[in-house]
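Peer 1: This is the structure I have questions about; it appears just below.
The values are calculated or read from the model by the stated rules, or taken from the named source; none is laboratory data. Remember, predicted model here, so these are calculated numbers, not experimental data. Don't worry about glycine lacking a Cβ; one is built from the backbone with ideal geometry, like all the others, and counts go over all protein chains shown. Ligands, DNA and RNA are excluded from the accessible area calculation, which covers all protein heavy atoms including side chains. Shrake-Rupley method; radii C 1.70, N 1.55, O 1.52, S 1.80 Å.
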Amino acid sequence: MNRTEFIPMVDLQKEIDLLKAPLLKEMKSVLKSGEYVLGKKGEELENQIAEYTGTAYAIGVANGTDALYLSLKALNIGPGDEVITTPFTFFATAEAIAQTGAVPVFADIKEQTYTIDPEKIKETMTPKTKAVIVVHLFGKAADMEDIMSLAEKYNIKVIEDACQAMGTEIEGRKAGGIADIGCFSFFPSKNLGAFGDGGMIVTNDHTLYDKVRELRNHGSQRKYHHSSIGINSRLDELQAAVLLVKLKYLDLFLHKRKEIAKRYTEQLNRYVKTPAPGEKEGRTYHQYCIESGRRDELASYLKKSGIASAVYYPVPLHLQQAFDYLGYQKGSFPVSERIADRILALPIFPELSIEKQNNIISSVIHFFEHGAD
Ligand SMILES: *Cc1c(COP(=O)(O)O)cnc(C)c1O
């Protein structure tokens with residue numbers, strides 16, 4: 001194997017090469033401005049993300065985890081409250097709930113989409129349930145219509161963890177912009193990624209907007225006047241400048257992800273379970289995941305063939321040591337556990353060449369037709 005030919009899960013360098021001139025120009029203008037935190041670039045990005053997601057307000061924060069935490073705090077969630085979410089997500093989703101002092105309560109996912117099952121949410125609700133965090137996992141929209149009507153009926157709030165779903169369309173609307181409040185991450189590998197950490201909260205509710213703006217800046221709206229206990233979670237100007245450049249290309253990049261996904265599905269669905277097609281909700285393929293009972297064997301074969309793959313996520317959150325105190329056991333969420341044993345993400349990023357896509361496709365097919373030799 002030629003080491004230089006190794007195909008990684010994501011290659012950010014290609015995008016940087018492509019956008020180098022405008023990126024450097026924008027970054028230089030920040031250096032000259034003397035404004036590094038909470039300045040004009042950040043405000044401009046907030047305006048553009050609000051417009052992009054079709055929401056009234058957007059607030060830049062330090063990362064996606066803080067976006068979730070600040071959203072919960074703005075909704076007055078804390079000790080004594082329960083917040084329902086999926087056990088099949090990145091740790092931060094439930095971690096943010098625990099950080100507020102509330103109890104994360106898990107509800108299992110749907111086999112086809114890996115997103116939280118509205119029926120299971122209903123079964124899990126108690127009088128203490130204050131909110132649900134839905135996760136648009138891998139860029140696939142959760143069942144927002146069912147979840148929003150459930151929430152309305154039982155008077156609970158809904159937070160969208162859209163950290164993996166910037167740009168995902170849900171019946172003509174954008175992920176993050178549908179529920180009470182939506183959270184994004186600009187971690188470098190996300191659909192829209194910075195050169196460091198960053199995050200954004202979107203909402204149509206002016207009270208929540210006001211509260212989040214206060215909480216992200218030490219509980220202060222006016223310098224040295226603090227009306228609540230907040231945190232320091234601000235988006236810096238350099239990251240905002242980078243994101244303003246990349247946002248212009250987001251839809252193009254998402255389109256490329258979809259094209260790659262379409263090719264993978266067409267070629268591979270005879271061999272493995274591929275993402276379910278033909279649904280009205282959008283997908284942006286933050287990750288492209290297949291399922292196989294021979295997952296680990298396939299992953300090591302791909303590695304030998306010079307192709308990266310990754311397991312998101314090998315351990316569902318109810319089985320994480322940090323959540324032992326919640327008292328769940330193996331078997332508590334059979335769908336999540338089964339998927340965790342079978343799922344495998346293949347490389348997908350906008351600049352992945354057709355040649356490399358073909359290489360990946362033929363390696364997977366070779367494995368199933370001829371075995372690992
Ligand atoms: C990335 C991610 C987060 C956390 O975002 P950070 O910016 O890394 O803090 C939260 N939830 C999901 C589903 C994510 O993928």
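Peer 1: Need the list of lysines near residue 303 for cross-linking: C-alpha distance under 16 angstrom, and skip anything on the same chain fewer than eight residues off.
Peer 2: Answer for residue 303, where 16 Å is the Cα cut-off: 356, listed by chain and number.
Peer 1: What shape does segment 54-168 take by its C-alpha gyration tensor, where a ≥ b ≥ c are the square roots of the eigenvalues and a/c under 1.5 counts as rounded, a/b above b/c as prolate, and the rest as oblate?
Peer 2: Working: a/c = 1.36, a/b = 1.03, b/c = 1.31.
Taking the square roots of the gyration eigenvalues as a ≥ b ≥ c, segment 54-168 is rounded.
Peer 1: Can you pull the one-decimal nm distance between simple spin-label points at residue 255 and residue 28, each 7 Å off the Cα toward Cβ?
Peer 2: Each label point lies 7 Å from its Cα, and together they span 3.0 nm.
Peer 1: What does the accessible area per residue of segment 79-237 come to in Å², with a 1.4 Å probe and no ligands, DNA or RNA counted?
Peer 2: On a per-residue basis, segment 79-237 sits at 39 Å².
Peer 1: Over segment 235-315, what relative contact order in percent results from Cα pairs under 8 Å that are six or more residues apart?
Peer 2: Details: 32 pairs, mean separation 18.1, N = 81.
It comes to 22 percent, rounded to a whole number.
Peer 1: Using the Karplus equation 6.51 cos²θ - 1.76 cosθ + 1.60 (θ = phi - 60°), what ³J(HN,Hα) coupling, rounded to whole Hz, does each residue of segment 178-191 give in order, writing x for Gly and Pro?
Peer 2: Karplus-based 3J(HN,Hα) across segment 178-191 equals 9, 8, 5, 7, x, 10, 10, 10, 10, 3, x, 8, 6, 3 Hz.
Peer 1: Please tell me the relative contact order of segment 287-373 in percent, rounded to the nearest whole number, where contacts are Cα pairs under 8 Å and at least six residues apart.
Peer 2: 44 percent
Peer 1: According to the square roots a ≥ b ≥ c of the eigenvalues of the Cα gyration tensor, what is the shape class of segment 266-342, taking rounded for a/c under 1.5, prolate for a/b larger than b/c otherwise, and oblate for the remainder?
Peer 2: oblate
Peer 1: How many angstrom lie between the C-alpha centres of segment 55-87 and segment 113-177?
Peer 2: A separation of 14 Å, based on Cα centres.
Peer 1: Could you give the distance between the Cα centres of segment 199-253 and segment 296-373, to the whole Å?
Peer 2: A separation of 34 Å, based on Cα centres.
Peer 1: Pop the C-beta distance of residue 368 and residue 221 into the FRET formula with R0 = 51 Å and round what comes out to the nearest 0.05. Intermediate values should be presented prior to the final figure.
Peer 2: On the way: r = 59 Å, r/R0 = 1.16.
The calculated FRET efficiency here is 0.30.
Peer 1: Let me ask you something else. Restricting to the chain, compute how many DSSP beta bridges are antiparallel as a %, nearest 5.
Peer 2: That works out to approximately 60 percent antiparallel.
Peer 1: Taking 8 Å as the Cα distance limit and 6 or more residues as the minimum spacing, I'd like the relative contact order of the chain as a percentage.
Peer 2: Working: 755 pairs, mean separation 79.6, N = 373.
In percent, rounded to a whole number, it is 21.
Peer 1: If you roll a 1.4 angstrom probe over the protein chains with everything in place, what fraction of the accessible area of the chain belongs to carbon and sulfur, to the nearest %?
Peer 2: Working: 8310 of 16710 Å².
Here it works out to 50 percent.
Peer 1: Could you go through segment 125-141 in sequence order and give the Karplus-derived ³J(HN,Hα) for each residue, using 6.51 cos²θ - 1.76 cosθ + 1.60 with θ = phi - 60°, rounded to whole Hz, and x for Gly and Pro?
Peer 2: With coefficients 6.51, -1.76 and 1.60, one gets 5, 9, x, 8, 5, 9, 7, 10, 9, 8, 10, 7, 5, 6, x, 8, 5 Hz.
Peer 1: Once every DSSP H run of n ≥ 4 in the chain is given -39500 (n - 2.57) and the sum is divided by its residues, what mean residue ellipticity at 222 nm do you get, rounded to the nearest 500 deg cm²/dmol?
Peer 2: On the way: 12 runs with 149 residues, N = 373.
Computed mean residue ellipticity for the chain: -12500 deg cm²/dmol.
Peer 1: Identify which of 21, 102, 141 has the largest mean-square fluctuation in a Gaussian network model of the chain, with springs joining Cα atoms closer than 10 Å.
Peer 2: Largest GNM mean-square fluctuation: 21.
Peer 1: Next question. Classify the chain as rounded, prolate or oblate, taking a ≥ b ≥ c as the square roots of the eigenvalues of its Cα gyration tensor: rounded when a/c is under 1.5, otherwise prolate if a/b is larger than b/c and oblate if not. List each step's numbers first, then the result.
Peer 2: On the way: a/c = 1.98, a/b = 1.20, b/c = 1.64.
It is oblate, given that a/c is not under 1.5 and a/b is not larger than b/c.
Peer 1: Taking θ as phi - 60°, what are the ³J(HN,Hα) couplings along segment 295-301 by the Karplus curve (6.51, -1.76, 1.60), each to the nearest whole Hz, with x for Gly and Pro?
Peer 2: Going residue by residue, I get 3, 5, 4, 4, 4, 6, 5 Hz, with x marking Gly and Pro.
Peer 1: To continue, here is another question. If you filter segment 1-105 for GluC sites (Glu not before Pro), then keep DSSP loop positions with at most 14 other Cβ within 10 Å, what is left? Intermediate results must be reported in sequence, preceding the final value.
Peer 2: Numbers: sites: 5, 15, 26, 35, 43, 44, 46, 51, 82, 95; in loops: 35.
Answer in residue order: 35.
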